[in-house]
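In what follows, a structure is listed as C-alpha cells, so that the remarks can point back to it.
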Amino acid sequence: MTSLHIKQDSLALQPQAVRERQQAAQRRKQWFYLALLGVALVAPLAVYPVFLMKLLCFALFACAFNLLLGYAGLLSFGHAAFLASGGYVTGFVLSHYTGLGTELGILAGTLASAVLGLLFGLLAIRRQGIYFAMITLALAQLVFFIFVQAPFTGGENGLQGVPRGQLFGLFDLGDNLTLYYFVLAVFVFGFAVIQRTIHSPYGQVLKAIRENEPRAISLGYNVDAHKLLAFVISAALTGLAGSTKTVVFQLASLTDAHWHMSGEVILMTLLGGVGTVFGPVVGAGVVVTLQSYLSNGPLGEWVHVILGAIFVTCVLLFRVGIVGWVLKLARRNF
Amino acid sequence: MTMVFGIPLSVLLGQLLLGLINGAFYALLSLGLAIIFGLLRIINFAHGAQYMLGAFVAVLGLNYLGVNYWVALMLAPLLVGALGVLIERGLLRRIAGEDHLYGLLLTFGLALIVEGCFVKLFGVSGLSYPMPELLKGGYNLGFMFLPTYRAWVVVAALVVCLATWYMIERTRLGSYLRAGTENPKLMQAFGINVPLLITLTYGYGAALAAFAGVLAAPIYSVTPTMGANLLIVVFAVVVIGGMGSIMGAIVTGLAMGLIEGLTKVIYPEAANTIVFLVMVLVLLMRPAGLFGKEA
C-alpha cells in the first residue's frame with residue numbers, strides 16, 4: 001500500500017507538462033494494445049488458426065515464465081512440469097467426464113498446476129540463484145518420471161483424442177475458428193493477469209526483491225512469501241497454457257514434461273527480451289514459427305542444434321532480446 | 001541361502017554393487033561440477049555433453065584409428081579438456097562479469113548444439129564398446145559374482161576422485177585454487193595468474209567428465225543423450241551435498257548411488273526418483289545441503 005500512496009503524491013506534485021506527457025504515453029499504449037487486439041481478431045482469416053492457437057499457448061507460457069524470471073529474478077528450469085500437469089489433468093478430466101464443459105476441464109488443469117507450483121515453490125525458494133535453477137530442474141524431472149509411470153497419463157503414448165467439448169454448454173469448440181477466439185480470450189485473460197500483477201504494488205515489491213533482496217528484507221517485506229506467490233501465479237498461468245494447448249491439439253504427451261520444454265521457454269523469453277512486456281510473445285512467435293518451418297524442411301533434424309546456436313548467440317551478443325533492443329532504439333531516437 | 005529383509009543376500013549385494021558403480025559416476029561428475037562452480041561460479045550445463053564426448057572419443061577412436069581402451073582413457077580427457085579450455089577462453093570469459101545465470105544458459109545452449117549434432121550423426125539408438133581384454137571375466141566371491149570391469153570402474157573412479165581431493169586440499173596449486181574461490185581479486189593482486197587458473201580449472205572439470213565417459217563406454221550404451229539424463233540426477237546430487245566441499249561431493253555421489261541400488265531391490269518403481277526424493281527431504285531439513293556452507 002505504501003508505495004501506491006507515494007506514487008500518487010509524487011504525481012500530484014509534478015508540473016502540468018510532465019503529467020500531460022505521461023497521459024499521452026498512456027493513450028499511445030492503449031491504442032497500441034487495441035491495434036494488436038484488432039490484428040489478433042482478423043488474423044485467422046489470413047493464417048491457419050491451429051498454428052495461431054499454438055502460438056498463443058506458447059506466448060502465454062513464455063509470459064508466465066517471464067513473470068518469474070523478468071520481474072522476480074528467479075530462473076526456473078522446471079516449468080515444463082506445470083505445462084504438462086495442466087495438460088494431463090485437463091486431458092484426463094475431459095476424456096473421463098465427457099458431459100463437463102471445457103472451461104471446467106481447463107480450470108481443473110490450471111488448479112492442479114497451481115498446487116504443484118505451491119509445492120515446487122515451497123522447496124525451491126529455500127535456495128537462490130543457480131541452486132534455484134537446479135532444484136526446479138530436478139523436481140521437474142521427478143514429475144516427468146511420475147508421468148512416465150503413472151497409470152492415468154498413458155505412458156509413452158500420452159492421452160490421445162481428448163474431446164474438445166463445449167464451452168459453457170453453448171459453443172461447440174470442435175470448430176477451429178470458434179476455438180481460436182476462445183484461445184485468444186484465454187490469452188488476453190492471462191496476459192491481463194500478468195499486467196495487473198506487474199503494475200500492482202506487489203509487482204513493485206517483486207522488482208525490489210530482484211534488484212536488492214537484503215534491502216527488501218530490511219524494509220520489512222516478507223521476501224519468501226512474495227517469491228512464493230509469484231511462483232504460484234506463474235505456475236498457474238503456465239498450467240492454463242498447457243490445459244488450453246491440450247484442448248487445441250486434443251493431446252497431452254510427455255514432450256511437454258521433458259526438460260527440453262523448460263529450456264525452450266527460457267529461450268523464447270531470452271530471445272524476445274527478459275523483463276519486457278511483449279518480449280516473451282515475440283520470442284514465442286519466433287521460436288514456434290521457426291520450429292514449424294524447420295520441421296517441414298530439410299533442416300528438420302537440426303532443430304535442436306539451431307535452437308542451441310540461437311541460445312549461445314543470445315547470451316553472448318544479444319542479452320537485451322528483440323523487444324529490449326527495439327525499446328532501446330526507440331528511446332534513443334524519439 | 002542367506003536372506004536380508006526377505007531378499008536373497010546375493011541379489012542385495014549385486015544391486016548394491018551396481019549402485020556403487022552409478023555412485024562412482026555421480027561422484028566423478030559432481031566433483032567436476034563442484035570444482036568449476038568453486039572458481040567460475042557457474043553451473044556447467046555442458047558437463048553431460050562432455051561426459052558423452054568422452055565416451056564417443058573412445059568408441060570412434062577404436063573404430064576408426066584402432067586406439068585401444070587404455071590410450072582412450074588418457075586421450076579422451078586430454079581432447080575434451082582442450083575443448084573445455086577453448087570454450088572457457090572463447091565464450092565463457094566474455095560473460096564473466098554478467099549474472100552467473102548466463103553461464104548456465106550459455107553452457108545449456110552448447111550442450112544442445114553438441115547433442116543435436118551427435119544425434120544427427122549417430123542416431124539415438126546407441127553404439128556399443130567392447131570390454132577391454134584385460135578386464136574381462138570376474139571373481140567368484142562365494143556369495144556373489146564380481147565382474148572385473150565393474151570393480152575396476154569403482155577403483156579407478158575412487159583413485160581419480162581422491163587424487164583430485166589431494167591436489168586441491170594438500171598441494172600449492174590447490175591452495176591457489178582454494179584462495180581463488182575465496183577472493184580472486186586479492187589473489188590477482190598477489191601476482192597469481194587467476195585467468196589462467198580459471199581456464200585450467202574449467203578444462204580439468206571437462207576432462208574429469210570425459211574420463212567418466214570413457215569408463216562408462218563398455219558398460220552403458222553409448223548414445224548422444226547418455227549425459228543429459230545423467231546430468232539432471234547429478235544436479236540433484238549436488239543440491240543434496242551442497243558445493244561447499246570436495247570430499248562432500250565425492251561422499252554424496254557414492255551414497256546416492258548406493259541408496260539408488262538399495263531402492264532397486266526394495267521398491268523398484270521408485271528407483272528413478274529416489275535421488276530426487278532425497279533432495280526434497282534434504283531441502284526440507286537442511287536447505288544448504290549436507291556439506292554446504294552458505295545458507
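The values are calculated or read from the model by the stated rules, or taken from the named source; none is laboratory data. As the structure is a prediction and not an experimental result, all values here were calculated from the model. Neighbour counts run over all protein chains shown; Cβ positions are idealised from the backbone, glycine included. We work out accessible area using only protein heavy atoms, side chains counted, and drop any ligands, DNA or RNA first. Shrake-Rupley method; radii C 1.70, N 1.55, O 1.52, S 1.80 Å.
Entry remark, region B:245-292: residues being of a type in the set (Lys, Arg) and not in a helix (DSSP H, G or I) number 1 in total.
Of the residues that make up region B:89-98, is at least one open to solvent by less than 20 Å² (accessible area, probe 1.4 Å), touching a residue at least 24 places away in the same chain (Cβ under 8 Å) and among the charged types (D, E, K, R)?
Scanning region B:89-98 turns up no residue that is open to solvent by less than 20 Å² (accessible area, probe 1.4 Å), touching a residue at least 24 places away in the same chain (Cβ under 8 Å) and among the charged types (D, E, K, R).
One residue alone among A:Gly129, A:Gly117 is at the interface with chain B (Cβ under 10 Å from one of its Cβ atoms) and of a type in the set (Gly, Ala, Ser), and that residue is A:Gly129. Of B:Gly174, B:Gly142, all but one fail to be at pLDDT below 85 and either within 18 Å of B:Ile250 (Cα to Cα) or out of contact with any Lys or Arg (no Cβ under 7 Å at 6 or more places or on another chain) (or both); the exception is B:Gly142.
Counting only residues that are in contact (Cβ under 8 Å) with a residue 24 or more places away in the chain, at the interface with chain A (Cβ under 10 Å from one of its Cβ atoms) and farther than 12 Å from A:Leu123 by Cβ, region B:259-291 holds 3 of them.
Residues of region A:288-322 that are polar (S, T, N, Q) and either in contact (Cβ under 8 Å) with a residue 24 or more places away in the chain or in a loop (DSSP other than H, G, I, E, B) (or both): A:Thr289, A:Ser292.
When region A:145-180 is filtered for residues that are farther than 25 Å from A:Thr102 by Cα and among the aromatic types (Phe, Trp, Tyr), only A:Phe145 remains.
Counting only residues that are more than 9 Å from chain B (Cβ to nearest Cβ) and either touching a His at 6+ places or on another chain (Cβ under 8 Å) or surrounded by 14 or more Cβ atoms within 10 Å (Cβ to Cβ) (or both), region A:145-165 holds 9 of them. Restricted to region B:223-244, and to residues there that are outside any helix (DSSP H, G or I) and surrounded by 21 or more Cβ atoms within 10 Å (Cβ to Cβ), the residue that is farthest from the other protein chains (Cβ to nearest Cβ) is B:Thr223. Filter region B:41-76 for residues that are within 14 Å of another protein chain (Cβ to nearest Cβ) and of a type in the set (Gly, Ala, Ser); which is nearest to the chain's Cα centre (by Cα)? Across region B:41-76, the extreme among qualifying residues is B:Gly48.
Conditions tested, residue by residue: (1) under 21 Å from A:Gln195 (Cα atoms); (2) not hydrophobic (A, V, I, L, M, F, W, C).
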| site | (1), (2) |
| --- | --- |
| A:Lys207 | yes, yes |
| A:Arg210 | yes, yes |
| A:Leu219 | no, no |
| A:Asn222 | no, yes |
| A:Lys227 | yes, yes |
| A:Phe231 | yes, no |
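Exactly one residue among B:Gly38, B:Gly138 is more than 12 Å from chain A (Cβ to nearest Cβ), without any contact (Cβ under 8 Å) to a residue 40 or more places away in the chain and in contact with a Ser or Thr (Cβ under 7 Å, 6 or more places away or on another chain), and that residue is B:Gly138.
For region B:177-202, name all the residues that are in a loop (DSSP other than H, G, I, E, B) and either within 26 Å of B:Val80 (Cα to Cα) or in contact (Cβ under 8 Å) with a residue 60 or more places away in the chain (or both).
Within region B:177-202, B:Ile192, B:Asn193 qualify.
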